């Protein structure tokens, strides 16, 4: 992650500058690295930010490419993050929105009302990390078996699982 | 064009003596292209509601990446979308190169484009063979696999593996092309367009095939974008979006090719888009082959890229670098990237996050088949059961990529 | 009540050896596989049926979709934990005589994937007759495995392959072996004594390959 000093040095893109003028309370942090722009959004504003970005003439982010969860580490605080990768099919630019969550309170609002494709992506993030999306129409496990205990991609889940497979 | 709607007299209610029944199609089924389970609620033969149930091939690959060094992870990416392994390799490798900030030499980029396009043709050939087989045309299956064997020969000559080549490395390629490769490739490319015309004579004029595919599984352009479809599924609905044009990578902006689109959004349009894409891939591959010049194939980064064998055997520093790279791996600067490429099925994106060590902290693959399959309920409502098979075939799903 | 049940009870042994050869030849020449392609090895299995490597020459032409009509189950690909009960159920649905070929490294032993999601070897679920290494194995290797299985089939006896009731089939679970019984355990409530299948294929006795 780039430090605060580097953030001030690099000029943010016109898109981020315009967004900062319109809704500064949605932007907690801007990270520009490796040619990509990441905006850290406080979790209570994520749905508003997404729906604004979808229809905003400067943005037109009508394509949600991916929702990706990540676990920063068992000792880190905040522990989980949820990344939203947005893409515009008309302007061809990309943006990443990031929501960071603590370990005790892993709730975030669901964006299925903004893009319907978020449905399965959020189910996968719930299945593998345990992040609960409020307002999701059908939040249940998608990749692991329905009776699986635990969330597999968390850093404290062992690679080989807890017990070998047996037919019984 | 609006998608098929359920006529108003059919609704889902729980009446035990009704004509509605719920059946489970899969996971072991000859036409589901892998271990996919569909819960179909049928009224007679008409599909009222369908729910895909995936996860029967979940391999925990994303967790495995966190325990393997960056170069070791390339082997795992082959097994994801196993019809397009070089595309998976490319996406992973380019994400790593973005994090490291490497400059890839020209020859390596041209070879990458050449192999990606050959792989795209091979993937579309399997799609065509299995799609036609499901609809009932068995001859096309054998013809397509005959062509595919030639491509697999080329890939095997360069990398050693037919289906799991792992040919690309972070910083370039594994090895240079063998002697005589350009001639063999040219031979195949000269011979290929008549083969595509042969497939057209087998299928496109066939009235049965047309009746089974036209008007089936419609999805409009707005719905397609909202549901995140990409690749031929999106271009079959009229949206001219191709990552090779939108966010070019590996030198694609220098090649001359068209983006085929069809306006209707049904199974037939997706079929025509893929057939035309095979010809476009052939065009790009021919240009790449003509553009091939001798040169280095690995980036100039001795701490990341393995040195040549000859240099390793004679120079001490090359030997040390080789040992350190293989034994300990190289440290990647902390940060995160999302790198999308246009795989044969759509937008394949890799999200890679590094904490500064030799192993990644999180690798996530945005599989195009995962997202394309989520739109199946929208496409299949109101169609007959037999049409569901055609729709799944036209979506070109590969369960390895969906379940990872 | 299959042919073998009737024969084993009625006819003396000298006749069954003659009959064995005939029946085994018929069985090995038309081994019908059940479609159980899971992952990448399934594509190589499809390649083995196409015109360059033609599996149909060996009688394995028709891949039956229904396990009730199949003889051999070629498990090609990685078996995840969610899929494992389904695999066992398909295996149980196949009528005797049935064989299993475990194709590829993932089906044999878990392969590259030593983690929480993959069953480390399909012989933890079903008894396997032929293992094929490789990731994925070349189509020629699959054909070689089918030929090895044919050798194995030729050396069996009719009396070994009787339809046994399903509970009894599930009892004799020793990985890598087949439940070989004479039907008497159906009346008892004890675990049948299973012996490992030690019939070697002709290929294994060759001096050099």
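Among the residues of region B:167-188, which ones are surrounded by fewer than 21 Cβ atoms within 10 Å (Cβ to Cβ) and either within 20 Å of the chain's Cα centre (by Cα) or in a loop (DSSP other than H, G, I, E, B) (or both)?
Those that are surrounded by fewer than 21 Cβ atoms within 10 Å (Cβ to Cβ) and either within 20 Å of the chain's Cα centre (by Cα) or in a loop (DSSP other than H, G, I, E, B) (or both): B:174, B:175, B:176, B:177, B:178, B:179, B:180.
Could you run through region B:30-45 and say how many residues are assigned to a loop (DSSP other than H, G, I, E, B) and under 22 Å from the mean Cα position of the chain (by Cα)?
7
Could you please let me know if residue B:109 is modelled with pLDDT of 90 or more, farther than 18 Å from residue C:51 by Cα and within 17 Å of the chain's Cα centre (by Cα)?
For residue B:109, the condition - modelled with pLDDT of 90 or more, farther than 18 Å from residue C:51 by Cα and within 17 Å of the chain's Cα centre (by Cα) - is not met.
Tell me which residues, restricted to region B:41-61, are surrounded by fewer than 21 Cβ atoms within 10 Å (Cβ to Cβ) and either in contact with a strand residue (DSSP E or B) (Cβ under 7 Å, 6 or more places away or on another chain) or within 19 Å of residue C:87 (Cβ to Cβ) (or both).
Within region B:41-61, B:41, B:42, B:43, B:45, B:46, B:48, B:49, B:51, B:53 qualify.
Is it the case, given these coordinates, that residue B:355 is modelled with pLDDT under 90, surrounded by fewer than 24 Cβ atoms within 10 Å (Cβ to Cβ) and within 14 Å of chain A (Cβ to nearest Cβ)?
yes
Find the residue count for region A:39-69, including only residues that are surrounded by fewer than 21 Cβ atoms within 10 Å (Cβ to Cβ) and within 14 Å of chain B (Cβ to nearest Cβ).
The number of residues fulfilling the criteria is 6.
Checking the conditions here, which among B:298, B:283 is modelled with pLDDT of 85 or more, within 21 Å of residue B:181 (Cα to Cα) and touching a strand residue (DSSP E or B) at 6+ places or on another chain (Cβ under 7 Å)?
Testing whether each residue is modelled with pLDDT of 85 or more, within 21 Å of residue B:181 (Cα to Cα) and touching a strand residue (DSSP E or B) at 6+ places or on another chain (Cβ under 7 Å) leaves just B:298.
Can you find even one residue in region C:10-30 that is within 13 Å of chain B (Cβ to nearest Cβ) and assigned to a loop (DSSP other than H, G, I, E, B)?
There is no residue in region C:10-30 that is within 13 Å of chain B (Cβ to nearest Cβ) and assigned to a loop (DSSP other than H, G, I, E, B).
When you check residue B:270 against the structure, is it more than 12 Å from chain A (Cβ to nearest Cβ), crowded, with 21+ Cβ neighbours inside 10 Å and either within 22 Å of residue B:196 (Cβ to Cβ) or without any contact (Cβ under 8 Å) to a residue 24 or more places away in the chain (or both), yes or no?
yes
Among the residues of region B:306-333, which ones are loosely packed, with under 13 Cβ neighbours inside 10 Å and assigned to a loop (DSSP other than H, G, I, E, B)?
Listed by number, the residues that qualify are B:328, B:333.
Those residues that are in contact with a strand residue (DSSP E or B) (Cβ under 9 Å, 6 or more places away or on another chain) and in contact (Cβ under 8 Å) with a residue 60 or more places away in the chain, I need them from region C:41-75; list them, please.
Correct list: C:41, C:43, C:44, C:45, C:55, C:60, C:72, C:74.
Restricting attention to region A:15-30, report how many residues are part of a strand (DSSP E or B) and within 19 Å of residue A:61 (Cα to Cα).
1
How about region A:136-155: which of its residues are without any contact (Cβ under 8 Å) to a residue 40 or more places away in the chain and touching a helix residue (DSSP H, G or I) at 6+ places or on another chain (Cβ under 9 Å)?
A:136, A:137, A:138, A:139, A:140, A:141, A:142, A:143, A:144, A:148, A:151, A:152 - these are the residues of region A:136-155 that are without any contact (Cβ under 8 Å) to a residue 40 or more places away in the chain and touching a helix residue (DSSP H, G or I) at 6+ places or on another chain (Cβ under 9 Å).
When both residues are 6+ apart or on different chains and their Cβ atoms are under 9 Å apart, which pairs have a first residue that lies in region B:145-157 and is at the interface with another protein chain (Cβ under 10 Å from one of its Cβ atoms) and touching a residue at least 60 places away in the same chain (Cβ under 8 Å), and a second that is part of a helix (DSSP H, G or I) and surrounded by fewer than 19 Cβ atoms within 10 Å (Cβ to Cβ)?
Partner pairs satisfying both residue conditions: none exist.
Pairs please, first residue from region C:78-102 and farther than 15 Å from residue C:34 by Cβ and more than 11 Å from every other protein chain (Cβ to nearest Cβ), second anywhere and surrounded by 21 or more Cβ atoms within 10 Å (Cβ to Cβ) and modelled with pLDDT of 85 or more, Cβ atoms under 8 Å, 6+ apart in sequence or on different chains.
Qualifying pairs under 8 Å: none.
Against the definition (at pLDDT 85 or above and assigned to a loop (DSSP other than H, G, I, E, B)), how does residue C:57 come out, yes or no?
no
Taking residue B:365, is it outside any helix (DSSP H, G or I) and crowded, with 18+ Cβ neighbours inside 10 Å?
Against the criterion (outside any helix (DSSP H, G or I) and crowded, with 18+ Cβ neighbours inside 10 Å), residue B:365 qualifies.
Just checking, does region B:334-345 include any residue being assigned to a loop (DSSP other than H, G, I, E, B), within 18 Å of residue B:67 (Cβ to Cβ) and within 14 Å of chain A (Cβ to nearest Cβ)?
Among the residues of region B:334-345, not one is assigned to a loop (DSSP other than H, G, I, E, B), within 18 Å of residue B:67 (Cβ to Cβ) and within 14 Å of chain A (Cβ to nearest Cβ), which makes the answer no.
Which one of these does residue B:197 not meet: (1) within 14 Å of chain A (Cβ to nearest Cβ); (2) out of contact with any helix residue (DSSP H, G or I) (no Cβ under 9 Å at 6 or more places or on another chain)?
The single condition residue B:197 does not satisfy is (1).
Does region B:190-207 contain any residue that is more than 24 Å from residue B:279 (Cα to Cα) and either surrounded by fewer than 14 Cβ atoms within 10 Å (Cβ to Cβ) or touching a strand residue (DSSP E or B) at 6+ places or on another chain (Cβ under 6 Å) (or both)?
No.
Filter region C:31-63 down to the residues that are surrounded by fewer than 22 Cβ atoms within 10 Å (Cβ to Cβ), farther than 20 Å from residue B:139 by Cβ and either facing chain B (nearest Cβ under 9 Å) or touching a helix residue (DSSP H, G or I) at 6+ places or on another chain (Cβ under 6 Å) (or both) and list them by number.
Within region C:31-63, C:58, C:59 meet the criteria.
Would you mention how many residues in region C:62-87 are more than 22 Å from residue B:402 (Cβ to Cβ) and either within 13 Å of the chain's Cα centre (by Cα) or not in a helix (DSSP H, G or I) (or both)?
Summing the residues that are more than 22 Å from residue B:402 (Cβ to Cβ) and either within 13 Å of the chain's Cα centre (by Cα) or not in a helix (DSSP H, G or I) (or both) in region C:62-87 gives 10.
Among residues belonging to region B:47-61 that are out of contact with any helix residue (DSSP H, G or I) (no Cβ under 8 Å at 6 or more places or on another chain) and closer than 19 Å to residue B:23 by Cβ, point out the one that is nearest to the other protein chains (Cβ to nearest Cβ).
Only one residue fits best here, namely B:53.
Name every residue in region B:273-301 that is surrounded by fewer than 18 Cβ atoms within 10 Å (Cβ to Cβ) and closer than 19 Å to residue B:96 by Cα, in order of residue number.
Residues satisfying the conditions are B:300, B:301.
Residue by residue through region B:84-111, note down the ones that are within 14 Å of chain A (Cβ to nearest Cβ) and either under 17 Å from residue B:404 (Cα atoms) or in a helix (DSSP H, G or I) (or both).
Once the filter is applied, which keeps residues that are within 14 Å of chain A (Cβ to nearest Cβ) and either under 17 Å from residue B:404 (Cα atoms) or in a helix (DSSP H, G or I) (or both), region B:84-111 yields B:91, B:94, B:95, B:96, B:97, B:98, B:99, B:100.
Scan region B:240-257 for residues that are in a loop (DSSP other than H, G, I, E, B), under 17 Å from residue A:90 (Cβ atoms) and touching a strand residue (DSSP E or B) at 6+ places or on another chain (Cβ under 8 Å) and jot them down.
B:242, B:247
Quick one: in region B:224-239, of everything that is outside any loop (DSSP other than H, G, I, E, B) and touching a helix residue (DSSP H, G or I) at 6+ places or on another chain (Cβ under 6 Å), which residue is nearest to residue B:275 (Cα to Cα)?
B:232
The values are calculated or read from the model by the stated rules, or taken from the named source; none is laboratory data. Quick caveat: nothing in here was measured; it's all calculated off a predicted structure. Heads up, the Cβs are rebuilt from the backbone with ideal geometry, glycines too, and the neighbour counts pull from every protein chain shown.
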